[in-house]
Ligand code: ADP
Ligand code: MG
């Protein structure tokens, strides 16, 4: 589903050129749940953005379902993202002037779904927010806002869901409920998951875990679920 080969990312800073990712090679199978772990600053978010086609590597190749993102223009990448990719950020990224329902419905309306409001309602119910449809983000707790962000990502029924520390801002109980939703999507819809996390529990539920350190993959472990199942 995703194939990254020889990914390098270098940025120019006042102190000179800085290497953030160093020769990353990674393939993610359809239906796989992959965790990316590693210390803060090791390049996890940068790698996730590149795999999702939100950012470009300095060199190397990224393919989603065989289509090379690095040879396309931004319009081409946007089309690939619309077709395959959902993204959940650590800091929700909800639009403050829209209700929960409108936040979830907007991307569906933009791509022309006529039943956007019906779909959005259904997905908000699935994440337990059926009673919060007309609440604005400021009227929702952090956990509820993250569930709106998840409903928005789920509603577009992406083939691949990327999540950057999706439970990083939440208390343990809320975080576990969000994790359950992610793996429900993986198990029921076969959605490929690529998760950045520092939570052992979440990483253990994935099929495979890679560890980044200073921009390199230093460890790959086929994890709990496969061995235990
Ligand atoms: P992580 O998500 O693992 O904490 P990041 O991918 O956010 O790491 O960042 C990796 C490193 O690259 C960090 O040291 C960060 O400061 C640096 N970095 C990321 N983006 C930029 C940028 N646009 N300009 C300069 N430095 C950056
Ligand atoms: Mg990060």
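The values are calculated or read from the model by the stated rules, or taken from the named source; none is laboratory data. The model shown is predicted, which means the values in this text are computed figures rather than measured ones. Cβ sites come from the backbone with ideal geometry, for glycine too, and all protein chains shown count toward neighbours.
Quick notes on this one:
- For the stretch 53-75, a residue qualifies if it is more than 11 Å from residue 3 (Cα to Cα) and either more than 15 Å from ligand 1 (Cβ to nearest atom) or in contact (Cβ under 8 Å) with a residue 60 or more places away in the chain (or both), and the qualifying residues are 53, 59, 70, 71, 72, 73, 74, 75.
- Verdict on residue 110 being over 19 Å from the mean Cα position of the chain (by Cα), more than 15 Å from ligand 1 (Cβ to nearest atom), at pLDDT below 95 and over 20 Å from residue 186 (Cα atoms): yes
- Within the stretch 192-203, tally of residues that are free of Cβ contacts under 8 Å to residues at least 60 places away in the same chain and in contact with a helix residue (DSSP H, G or I) (Cβ under 9 Å, 6 or more places away or on another chain): 2
- Residues of the stretch 31-41 that are touching a helix residue (DSSP H, G or I) at 6+ places or on another chain (Cβ under 9 Å) and crowded, with 18+ Cβ neighbours inside 10 Å: 32, 33, 35, 36, 37, 38.
- Boolean, residue 26 is out of contact with any helix residue (DSSP H, G or I) (no Cβ under 6 Å at 6 or more places or on another chain) and away from ligand 2 (no atom under 16 Å from the Cβ): yes
- Scoring residue 82 on the criteria (1) surrounded by fewer than 18 Cβ atoms within 10 Å (Cβ to Cβ); (2) within 16 Å of ligand 2 (Cβ to nearest atom); (3) closer than 25 Å to residue 150 by Cβ leaves a single failure, condition (2).
- Check on residue 78, out of contact with any helix residue (DSSP H, G or I) (no Cβ under 9 Å at 6 or more places or on another chain), in a helix (DSSP H, G or I) and closer than 30 Å to residue 41 by Cβ: yes
Residue by residue, here is whether (1) surrounded by 14 or more Cβ atoms within 10 Å (Cβ to Cβ); (2) within 22 Å of residue 207 (Cβ to Cβ) holds:
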residue: 17; (1), (2): no, no
residue: 25; (1), (2): no, yes
residue: 43; (1), (2): yes, yes
residue: 51; (1), (2): yes, yes
residue: 74; (1), (2): no, no
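- Failed condition for residue 31, given (1) modelled with pLDDT under 95; (2) more than 12 Å from ligand 1 (Cβ to nearest atom); (3) under 30 Å from residue 144 (Cβ atoms): (1)
- From the options 13, 70, residue that is at negative phi and touching a strand residue (DSSP E or B) at 6+ places or on another chain (Cβ under 9 Å): 70
- Pairs, first on the phi > 0 side of the Ramachandran plot and in a strand (DSSP E or B) in the stretch 20-41, second away from ligand 1 (no atom under 11 Å from the Cβ) and at pLDDT 95 or above, C-beta under 9 Å, six or more apart: 23/6; 23/7; 23/8; 23/60
- When each of 170, 140, 95 is tested for being at pLDDT 90 or above, more than 16 Å from ligand 1 (Cβ to nearest atom) and either under 14 Å from the mean Cα position of the chain (by Cα) or surrounded by 14 or more Cβ atoms within 10 Å (Cβ to Cβ) (or both), the lone residue that passes is 140.
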